Amino acid sequence: MVLDRHPKHDQQIERAQWRDEVAASIAQSCERQGLPKPKLIDVDKTSWHRGVPRSRPGPSGMPWLPGKEGTAPRQQMHVLIQFPCEVQGPLPLGAGRFRGYGLCKPLGNRV
């Protein structure tokens, strides 16, 4: 998923604040699509699905979604979202949803 906006907190220095800010941005993306507010959001550079490239540029990663000319690319990451109820998917979320980024699909077996 590519975030809709750049986080203001530094990921290395203000880790907890950065995670809270990123989770709020992802929750807002969900609500903007008409989905319920997630009850759990986790992010990582490695996907929870097997065989998916990492969310970092390089030989084993996803290419960065290019930004507008002269701007830094937006942060991208793999996202684990748990909703309080069942939702219909797959779900395209985030800034790159119309360009192949941000496709969310169910993880594992349904409980």
* **Total residues in region 24-42, condition acidic (Asp, Glu) and either under 10 Å from Phe83 (Cβ atoms) or in a strand (DSSP E or B) (or both)** => 1
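Residues are listed down the side, and each one gets a yes or a no for (1) within 27 Å of Gly108 (Cα to Cα); (2) exposed (fewer than 12 other Cβ atoms within 10 Å of the Cβ):
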position	(1), (2)
Glu14	no, no
Arg19	yes, no
Ala23	yes, no
Ala27	yes, no
Thr46	yes, no
Ser55	yes, no
Pro66	no, yes
Pro73	no, no
Pro84	yes, yes
* Asked: Taking region 36-54 as the region of interest, how many residues are touching a Phe, Trp or Tyr at 6+ places or on another chain (Cβ under 9 Å) and not aliphatic (A, V, I, L, M)?
  -> 5
* Filter region 9-22 for residues that are part of a loop (DSSP other than H, G, I, E, B) and within 23 Å of Pro63 (Cα to Cα); which is nearest to the chain's Cα centre (by Cα)? -> Gln11
* Asked: Just a yes or no: is a residue in region 90-101 at positive phi, part of a loop (DSSP other than H, G, I, E, B), modelled with pLDDT under 80 and within 15 Å of the chain's Cα centre (by Cα)?
  -> yes
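The values are calculated or read from the model by the stated rules, or taken from the named source; none is laboratory data. Not measured: the values here are computed from a predicted model. Neighbour counts are summed over all protein chains in view; Cβ atoms, including those assigned to glycine, are modelled from backbone coordinates with ideal geometry.
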